[in-house]
1. Taking the Cα centre of each part, how many Å lie between the stretch 569-592 and the stretch 377-425?
2. Roughly how many debye, to the nearest 20, is the charge dipole of the chain about its Cα centre, given +1 on each Lys and Arg Cβ, -1 on each Asp and Glu Cβ, and no other charges?
3. Name the long-range amide H neighbours of Thr116: under 5 Å, sequence gap of 5 or more, or other chain; modelled H, no Pro or chain starts.
4. Amide H of Gln778 versus every other amide H placed in the peptide plane: which residues, excluding those fewer than 5 positions away on the same chain, fall under 5 Å?
5. Please turn the phi angles of the stretch 161-178 into ³J(HN,Hα) values with the Karplus equation 6.51 cos²θ - 1.76 cosθ + 1.60 (θ = phi - 60°), one per residue in order, whole Hz, x for glycine and proline.
6. Quick one: length gained pulling Asn650 to Phe471 fully straight, 0.36 nm per residue minus the C-alpha distance?
7. What are the principal axis extents of the Cα atoms in the stretch 361-489, in Å, biggest first?
8. Considering just Cα atoms, how many Å³ per residue does the convex hull of the chain enclose?
Amino acid sequence: MIFFLCFAVKMNFRNCMFLLACTAAVISFALPEQDIYVVHMDKTKVRSLGSNLGISKRWYEDVISSVTEFSADGEDEQEEKPPQLLYVYEKAIAGFSAKLSKKQLESLKRVDGFLTAVPDEMLNLHTTHSPQFLGLKSGRGLWSGPNLTSDVIVGVVDTGIWPEHVSFRDSGMPPVPSRWKGKCEAGTKFAPSNCNKKIIGARIFSKGYEAAAEKINEKEDYRSSRDSQGHGTHTASTAAGNLVDGANLFGLAKGLAGGMSFGSRIAVYKACFMLGCSSSDVLAAIDQAVIDGVDVLSLSLGGLPKPFYVDNIAIAAFGAVQHGVFVSCSAGNSGPLNSSVGNAAPWIMTVAASSLDRSFPTIVKLGDGHVFKGASLYTGNPTKQLPLVYGRTAGGEGAQFCTNGTLSSRLVKGKIVVCDKGINGRAEKGEQVKIAGGAGMIMVNRVEEGEQLYADAHVLPATSLGASAGFAIKNYINLTKTATASIKFEGTVYGNRAPIVAAFSSRGPSIAGPDIIKPDVTAPGVDILAAWPPNIGPSMIKSDKRSVQFNILSGTSMSCPHVSGLAALLKSVHRDWSPAAIKSALMTTAYTLDKERTPIADAASATSISASPFTFGSGHVDPERASDPGLIYDISTEDYLHYICSLNYNSSQIALLLRENYTCPASHSFQSPGDLNYPSFAVLFDSKSQHLVQTFKRTVTNVGTPWSTYIVKVEAPYGVSVTVKPKILKFQKKDQKLRYKVKIVAAGKRSPGDSTFGSLIWISRTHIVKSPIAVTWQ
């Protein structure tokens, strides 16, 4: 059992246990005698039992009770603990999860229909102004009355929900859709009556977590769908919360808050707790959500990138998409590290994070006159010009990170302390400074964390600064005997350059599937205001007793529900669109120029270099344009099967993904994975090969004007030629499909790891349909 850390940008010690600069760490939770496994079975074997879940569950119970409980060689007759069945999976995957010893697992492998057993893992959790920033306006376009149908259901797999929040009231909503099969489960401080016509389902999945990590401490968490961490409440309201006028945090970001699809219903699936999210619980939540009848699934969580056939979320998401459910996942918060993107299966919408044009700036002025701009959610008075200390001048070993017990009261009392980002939570650093008697804190990024600014609701005057400012301040302290600084807080400021991709947002190219550009798109994920439980302080540290209705967070956890809500909006307008069609519409209409008409920048760079498709995918989502994309790239289940067959997986690995034994046709239609009808082009060249030519096939469907003509425009990547045939597509009716081919030739060999980017654009009188091209030498 493993626990991956730091997919949530704004996590604290209580939630993460410890934070290590947002790099993945692994903690073993394995019991001495048994581990938890997700057991994948051949769905054709299970299907032969009938569609009744009770029958299949009894069959699985018989299966695990039949496994050998004694030593296989007969030399050790010591009895083991009996295997324990945790969940039976019916829709998204076929199989079950159970606690098994290694001997029991070996016996299970002999059962007819067994495919494989994947060890459970602990995954980690990875808005007022954002609707306006996205171009959504009340009474117009996607937010007009006819488009705000309330029968679209968004399932949120997260930490639960605070049902009494004003964002989840059901005033004026019609009855719950009759097709809905979900329910509201009673539990600790959560009754079925807590659901309404907005929150129409609430379930908890904790068996895997409690078997692997710890029993739920009901003094700190709830054995129910009630949210004890705030993350789930925040993401649910971002996707589909009501419109709330005057929403703010301490007067900051005041305005009209609302979910992207505020007319949609919310179904809550709590599968995440203090130490993370057990994948067996997440799988059970996805499986149940599909059975219940959700239209969209939003998962702001994930683990380390891995091959799709051992990625439980990828496997379950494939099953969900086969049932017509759109699945949106966070890309992860491991940026700016290359190839850190997670949740990268092509049937998943993978979402990066970028900024709004709203900020919460601070001014840090040094005693030598140098001035730096930072960010903070602190709203008190500015500090005076105070002594400035860092590292050894602030305490003992570890004082540079301001961790528990490292600061000396004698050295920091009445002074401003500089703290490096990392190890513990950002707000916790301020708490440690306050405990030691410090008067303020300046948190600075390390070089690898770039210039991303983090606005936090600190418990004392504090701000964050980028790496370049941090370097200058430390140099100033080292060269000055009486270093001083002051911090001024400027409140809420609009009109900043935006969007800018967040430095923490995970990057491509994907390790699991380099033949697909990931992430797919970027969306608002920096300083997002959304609903918050009143019993959790905005800094998320125990000592913070402030009660707020809304909180401001950053992370791909925040960008993911934006896209989930937008998918629900598109579903309400285009009920017959497949998940792939919705995804295509959001991708091909995304923009790559910011509000100043310059290329979208990357916050990881001090020089504001342009972001690339490996940073933001197709670009920043534009929902109004996505509602009328002109052309779409649709993908069927058969297309995905051909894609999987082209990945050179063996038969056992393919069976894991498809949940049944499957033989790839000898002449399946895909020459390579790049032939998947994806709305982008990832080109892989062997840096040692002389053959630098690749050909792609695509099919587009006309969903715009019946009689329309599209002409291709190519922005070729540097050093590469791109040929498209035909160059003109003429449609004579709606839903007509036309094909084209793309030939990409590199002028010469390049070094391994080199990449160059361009785009392919189909243009008509009324539509622009754009796809990125990423060429990489391996």
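Any read-out appearing in this document is the output of simple, stated calculations on the displayed coordinates, not a laboratory observation. It should be emphasised that the depicted structure is a prediction, and the values quoted were computed from it without experimental measurement. When we count neighbours, we look across all protein chains shown, and the Cβ atoms used for this are built from the backbone with ideal geometry, even at glycine.
1. 48 Å
2. With Lys and Arg at +1 and Asp and Glu at -1, about 2440 debye.
3. His40
4. Phe685, Asp686, Ser687, Gly753
5. Working through the residues one at a time gives 8, 9, x, 6, 4, 4, 5, 10, 6, 10, 4, x, 7, x, x, 4, x, 5 Hz.
6. That pair, Asn650 and Phe471, stretches by 59.4 nm at full extension.
7. Taking the Cα atoms of the stretch 361-489, the three principal extents are 32, 30, 29 Å.
8. It is 173 Å³ per residue.
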